Amino acid sequence: MILHYEFIKVAKKFKDKDAIVDHTTGKTLSYKKALIASFILENKLSSNKEENVGILLPTSAGAMLSILASWISGKTPVMINYSMGVEENCEFARKKCNFSTIITSKAFLIKMRMKPSENMIFLEDILSNVSKVDKIKALIKSLGSAESVIKRIAKVDEDKNIVILFTSGSEKEPKAVPLTHKNIGTNVTDIIKVFKLSDKDIIFSILPLFHVFGFNTLFAVPITMGMTINTYANPLDFKKVPELVRETGSTLMASTPAFLGGYLREAKPNDFAKMQNLVAGADKLPEWIRAGYKKDHGVEVLEGYGATETSPVISTNLIGANKPGSIGQVMPSLKVKIISEDGKVLSAGEQGKILVKGDSVFSGYLDGEAQTKAAFIDGWYDTGDIGILDEDGFLWHKGRAKRFEKIGGEMVSLIKIENILEALLPSGTDCCVVGIPDEKKGTKLVAAITNTEIDENEIKKEMLATLPAIAVPKQFMYFDNLPKMGSGKIAFREIEKMVKNKLEEIKE
């Protein structure tokens, strides 16, 4: 599947249908207008000889049109993370991916408190300088059948990179992940098949497009199906998002637990009345969120699992095939196996490393030969996660391999501790457990939380009912908030630094 070819086909088929409704700017584009606008932007990019082009924009019509224009011009968009350290991320992406041009917006830079840098192209300037000749050229390119339009643009095959994304960097420095049309296209096909989607579905697109979960499920899927995409740039606007979901009659939304929790607290009755598939991913789904949507809105939250390197969806729960607590059944095009530390393939119900193989799996990191070699075991991608595949084919995530600590000779899962701790804390309290080097015991567990009104002794006592003593945090630290990535995922590296700094201050 070549994604922009599919976009052109649906643009010709559904020309007068709303393609993108931007609820931040108030602008609506039909599929016909979206195709013409993509050609106008493509014309502005055609003089740029670079293979890659950076995109620094929030979830919006402008971002989506910029991606489409990049594809049509034969370029690969590099999606830049603006959630933390935006200036550093721009320079990191430029050096890593060998490009200089970044498509962005002056208004967005002001909001991010970032100064413009050299070789930035601003959407405002492009729009203000569009001439009648530009519009006529774009219109002519868009005329005729889908097949004739496709013949007029850059020819690509399914092995060409469709996007370059970056891993979250929650645990270490981000890695550049090039994904091809085959990678993303295979996952798009899987998603459409298992969720039984059609052009009649209405998408609410809230996740940032620099995150693979948002890029694929909330942009690539609908734009190649002819769905209407409703965008909103601020996923943290917990009051507004549920209102817009109701007003737009959205039937599908993918989000992260951190955002879903915020919407649940602010949502009113009937806000999710039309929602058919509410999908959670990128982090473990807390039980209070699952139960809350079921009780207040009659909606099942479907937990899924994936990775940037797998385009991203590896498995998902579905309506009628949902095991709460699991991360669902494996996508049709993928194979998954669980192996032990010594490489033995494990049977159903046995816990080990999760390995994945299939056409949606990337071929390797950009400029990272050693990292790529370490990421594969005999041709299978090593997710770095620990899990179980049960007899019914459902995956159960047990934690990151790197989020285990060896204490008293035992391997202890930090995620398991967090899940138990979270259930004992007041609703909405964030928590993160980190292992800190200790001279006497090797490792000391510290719980960072955002609620000071708790009884530590009582909580430790209750944790001992389900955990061995070595797995109960020895110390609690309180913070106003815990830093998160753009996806809402807890930033483990940053929290570990915060805890270490606070411990140093206590020593002094």
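The values are calculated or read from the model by the stated rules, or taken from the named source; none is laboratory data. Remember, predicted model here, so these are calculated numbers, not experimental data. Please note: Cβ atoms are built from the backbone with ideal geometry, for glycine as well, and neighbour counts cover all protein chains shown.
Table for the structure above
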read-out: Single unsatisfied condition, D201 versus (1) buried (at least 22 other Cβ atoms within 10 Å of the Cβ); (2) within 30 Å of D157 (Cβ to Cβ); value: (1)
read-out: Residue under evaluation P483, criteria (1) at pLDDT below 85; (2) more than 18 Å from T443 (Cβ to Cβ); (3) not small (G, A, S), criterion not met; value: (1)
read-out: Sole residue being in a loop (DSSP other than H, G, I, E, B) and not aliphatic (A, V, I, L, M), chosen from P178, P174; value: P174
read-out: The stretch 1-46, residues that are aliphatic (A, V, I, L, M) and part of a loop (DSSP other than H, G, I, E, B); value: M1, I2
read-out: Filter result for K49 (in a helix (DSSP H, G or I) and assigned by TED's automatic domain parsing to the domain that holds S205); value: no
read-out: Some residue of the stretch 192-206 being of a type outside the set (D, E), within 19 Å of D22 (Cβ to Cβ) and not in a strand (DSSP E or B); value: yes
read-out: Test: N119 is polar (S, T, N, Q), within 30 Å of I495 (Cα to Cα) and either under 33 Å from the mean Cα position of the chain (by Cα) or in the same structural domain as P178 (by TED's automatic domain parsing) (or both); value: no
read-out: Of residues in the stretch 66-108 being among the aliphatic types (A, V, I, L, M) and free of Cβ contacts under 8 Å to residues at least 40 places away in the same chain, the one surrounded by the fewest Cβ atoms within 10 Å (Cβ to Cβ); value: A107
read-out: Members of the stretch 35-52 that are crowded, with 24+ Cβ neighbours inside 10 Å and among the aliphatic types (A, V, I, L, M); value: L35, A37, L41
read-out: Residue in the stretch 434-452 that is crowded, with 17+ Cβ neighbours inside 10 Å and in a helix (DSSP H, G or I) present; value: no
read-out: Flag for D157 being farther than 28 Å from D283 by Cβ and modelled with pLDDT of 95 or more; value: no
read-out: Top-ranked residue in the stretch 419-433 [being within 14 Å of M463 (Cα to Cα) and in contact (Cβ under 8 Å) with a residue 60 or more places away in the chain; ranked as surrounded by the fewest Cβ atoms within 10 Å (Cβ to Cβ)]; value: A423
read-out: Candidates S66, S117 - the one that is polar (S, T, N, Q) and either closer than 18 Å to L366 by Cβ or in a helix (DSSP H, G or I) (or both); value: S66
read-out: Candidate set: the stretch 350-390, residues that are modelled with pLDDT under 95, crowded, with 19+ Cβ neighbours inside 10 Å and of a type in the set (A, V, I, L, M, F, W, C); chosen: the one nearest to S326 (Cα to Cα); value: I386
read-out: Qualifying positions in the stretch 249-272 - buried (at least 19 other Cβ atoms within 10 Å of the Cβ) and not hydrophobic (A, V, I, L, M, F, W, C); value: S250, T251, S255, T256, P257, G261, G262, Y263, D271
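Table: residues versus (1) at pLDDT below 90; (2) among the hydrophobic types (A, V, I, L, M, F, W, C).
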| site | (1), (2) |
| --- | --- |
| C97 | no, yes |
| I102 | no, yes |
| A107 | no, yes |
| M112 | yes, yes |
| L123 | no, yes |
| S128 | yes, no |
| S148 | no, no |
| I153 | no, yes |
